[in-house]
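The values are calculated or read from the model by the stated rules, or taken from the named source; none is laboratory data. If you're wondering where the values come from, they're calculated on a predicted model, not measured in any experiment. When we count neighbours, we look across all protein chains shown, and the Cβ atoms used for this are built from the backbone with ideal geometry, even at glycine. Calculation scope for accessible area: heavy atoms of the full protein, side chains included, ligands and nucleic acids excluded. Shrake-Rupley method; radii C 1.70, N 1.55, O 1.52, S 1.80 Å.
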Amino acid sequence: MTYLTVPLLLVCLCTPAAPENSYIINAAVLSRKGESMIDDYQKVEEVLQLGHNDYCRIRFSPVEYDNSNGSTVYQSLERALAVFKNPENVIAVGPFIDVFTSMDYVIKQQIHLVTSSSEGQEKSERALPVLPDTKSLSSAVAEIVQTLGWNKVAFLSQDDFSPVLALGNRDIFAWPILLPSNIKGGHDQELRQTMTQLREAQMRHFILHSMDKEVVQHVIASAEEHHLLHYSRSWFITYLDFSDLTLNLKETVSLYGLQLLNVEAIPPSLFQEERFQNQSRLSLGLLVDVVSILRHCLRRGQSNSYCDSQPLKNQTMNQKMLNEAFSDKSDTYIGALGQYIWGVTEDKQSRKRTSYSMAVLQFINNATIKDNIKVGNCTFLDKAVYTPIGERTQQNTVRDISTSLKGMNFTVITKKDPPFYSVINGKHEGFCIDVLDALKRLMGFDYKIIEYRSKWAGLNEDKEWEDIVHKLMTGDAAIAIGDLVVKSKRVARISFSNTILSSSVSMLLKRPPLQPTFFQFLWPFDIGLWFMIVVFFLIVGLSLFLMTKYDTTQRTAEQKFDLKESMWYSLNVILQGATEFSPQTTSMRTIVAFFWFCTLIITAAYTANLAAFLTLKQIDVRIKTMQRLASQSLVTYGVRNNSDLMSFFEQSDEDPYERMWTVMKLTEKESLVSNRMDGVNKVLAGDFKTGYAFIDDGLFNDYYASKYCGMESIDQRFGEKHFSMGFPKGAPYKDDINRALLKLKEDGVMDALKSKWWEPASNCSTVESDQSGVKTSGELELENMVGVFIVLGCSVTLGVLVEICKRIYLAVQKERHADDKGHLDT
């Protein structure tokens, strides 16, 4: 064997020699540089020999392909050519590696047991695939998908898109999606972008085609993160060991997969080996089957006990014996990946596996069961035939609100803006938090709040929301809440829920100061006039008293006009009361007659003035419209800088908005504020007549007017806005949340929550809390006439006090008179 003198072939001598007197098969293990699995094959052979008096040995030789540069490629090919020139090396084991595994140039005589997918491999009758061939698997996938009733699918793969053609032949539209070539985890940035595109496309059915368990796990994890495992979506996974996937899913997706691997055919001790801890069951089953196939070929040399007796000398299996072993179909090997029989393809140019089958499983994840259920069987003979078993579990396209999102977790992004969202003592509060909690109670999902803090905070609200919208689009959040306004440019990028709140522009103004109205009945006359009425009342009373001195009729009258009676008579005339006695002399009657005339005039004037005063008081003189605000110059007005409302005024060419913007621009420092609280504080610090009017969204002005006493919000009925929750485009859970929001509205929950956050402050009086601040009805209230009752109460109190004092005085006088009489008697 002169080829051993070639320096490049020293690698062939590194494998341990088989024990003497054994049946030997020489196998070359193909691999790329650094990916050799020769140690794994040797370990599997060692485990399979344990406990057996076995004289069959496999001598593995590594053959690596190094494509680092042109020189290493040439050396690798030289090394491989030298190995396969040796007639004792009868079989190659490993993946298809382009020219390096060429059946015409490199592996000229030997059989190649191909351990990779047959996609793109060279056509040859000596190339025997261990895994199902691409065409058969594609046909099986297409038939299963057609049976499931899927007419449009997204096909995800890293390199093999051969099933797309088979799907097209069955009139199934397949949208090919190229997965990133190097997926490091479910949070891989390129993978997240792919999932985002799929979500935006609103595809309902997905096929994940991969033989790499880690890739499948990462894709499924990313799909769940993007909520593509919603119950309205369906997935089919072509990984050949579906039951080995770790599916700790919280969403109830309709998930199907293939099960080719029979795990019971793998020796349990292999799972305990440290070197195999990071390998999938499928790759371990592939290792076991490759070694077992070679051992099976050795055992078929002469009889079933071929390896049980020790030969007199080493016997190496030659190429002819191996070819006959693979051609004989009377004694086939059945391993972890099924029965191994290779037939000829339709073009008669290559080989494929036949006469094996695999199960089709459905993953059920609901309240009663979480397991894989067999729903069909796929048999591979001349072609793939799918046979459904029983009835598969149908996934409803619409579910009950209470179960549709149960167990799901959402990442919710928002920004601080009371009353929608704020943090008080480390606790999330606000109207939107209450809405989320109500949805959580109704639907059973959970959520995590992310407070987004932008560099535009307090500077440009629109750009703040643009950053949050971008977070939704990139998959960093599932829901956006807050004062998120539905806009045309946002609708093109994300989806919105049903309207939660609506608002229009309003003015926030200082409320007119409250004036006491207890003695409102005195307001029709000036204080000087009231003083004159009192003076003339006293003059008339004194005049009547003085004239009684010269009235002879008073000498015999029962009731004399003394000072007390004179004053009482004068008061009765003013109040239009009646008395039992009247003056008898002409002079006294003259005074009384003209006093009656004056009283009549005073009473008529008082009645007319009181009616006019009450009428004028009901006229609302406040600034309530934009037209009136623009027509005055005492009250300064303004908006938030860089806000939508500022843009409206700036771009408007209608009166009074154009005129108002001109004024605001001229007084920019006083008119424009950087944030809402600055505007609110300016209103609070100002005066009713010469203060500041803050123009903003009605919801915010209403909130601050209810929170701080002394302000009022007046709706202007223009600039209507709708506030909603935001979702990524194509989010499958949007319809479920919309149904839940409608349910909350029907049950009155939304109205109750709005009242909670927009009710008047408890420390504000009833009158002050009234948004209008002006009584528009005609009837008088208690506060308008309470002064009359105060006067009456004071008069009654004074009369009682006078009577008490009188009685005390009389009692003291009587006791003093008795004392004086006693002294005189003594």
Using a 1.4 angstrom probe and counting only protein chains, how large is the accessible area of Tyr105 in Å², to 10? 110
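Give me the 1.4 Å probe accessible area per residue for the stretch 209-285, excluding ligands and nucleic acids, in Å².
Details: 2640 Å² over 77 residues.
In whole numbers, the stretch 209-285 has 34 Å² accessible per residue.
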Name the trypsin sites (Lys or Arg not before Pro) in the stretch 232-288 that are in a loop by DSSP and that have at most 16 other C-beta atoms within 10 Å, would you? Lys250
Can you pick out the pairs among Lys250/Lys471; Lys184/Lys213; Lys489/Lys734; Lys427/Lys463 whose Cα atoms lie more than 21 Å from each other? Lys250/Lys471; Lys427/Lys463
Can you list residues from other chains, or at least 5 along the same chain, whose modelled amide H is less than 5 Å from the amide H of Gly335? Tyr340
Taking the alpha-carbon distance from Lys320 and a cut-off under 13 Å, which aspartates and glutamates remain once sequence neighbours fewer than 8 residues away in the same chain are dropped? Glu88, Asp328
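Given only helices, namely DSSP H runs of n ≥ 4 each adding -39500 (n - 2.57), what is the per-residue ellipticity at 222 nm of the chain, to the nearest 500 deg cm²/dmol? Display every interim value, and only then the final one.
Numbers: 26 runs with 326 residues, N = 826.
Result for the chain: -12500 deg cm²/dmol, rounded to the nearest 500.
Please work out whether the stretch 313-353 counts as rounded, prolate or oblate from its C-alpha gyration tensor, where a ≥ b ≥ c are the square roots of the eigenvalues and a/c under 1.5 means rounded, while otherwise a/b larger than b/c means prolate and anything else oblate? Each step should come with its number before you reach the end.
Details: a/c = 2.88, a/b = 1.50, b/c = 1.92.
Cα axes put the stretch 313-353 in the oblate bin.
Restricting attention to the stretch 299-358, which trypsin sites (Lys or Arg not before Pro) occupy a DSSP loop and are surrounded by at most 13 other Cβ atoms within 10 Å? Don't skip to the end; give the middle numbers.
Working: sites: Arg299, Arg300, Lys313, Lys320, Lys329, Lys348, Arg351, Lys352, Arg353; in loops: Arg300, Lys313, Lys329, Lys348.
Within the stretch 299-358, the qualifying trypsin sites (Lys or Arg not before Pro) (loop, at most 13 other Cβ atoms within 10 Å) are Lys313, Lys329, Lys348.
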Under 25 Å from the Cα of Lys624, which lysines turn up, not counting those fewer than eight places away in the same chain? Lys510, Lys665, Lys669, Lys682, Lys689, Lys707, Lys721, Lys754, Lys775
Averaging 1/r across every pair of distinct alpha carbons in the chain and inverting yields a Kirkwood hydrodynamic radius, in angstrom, of 36.7
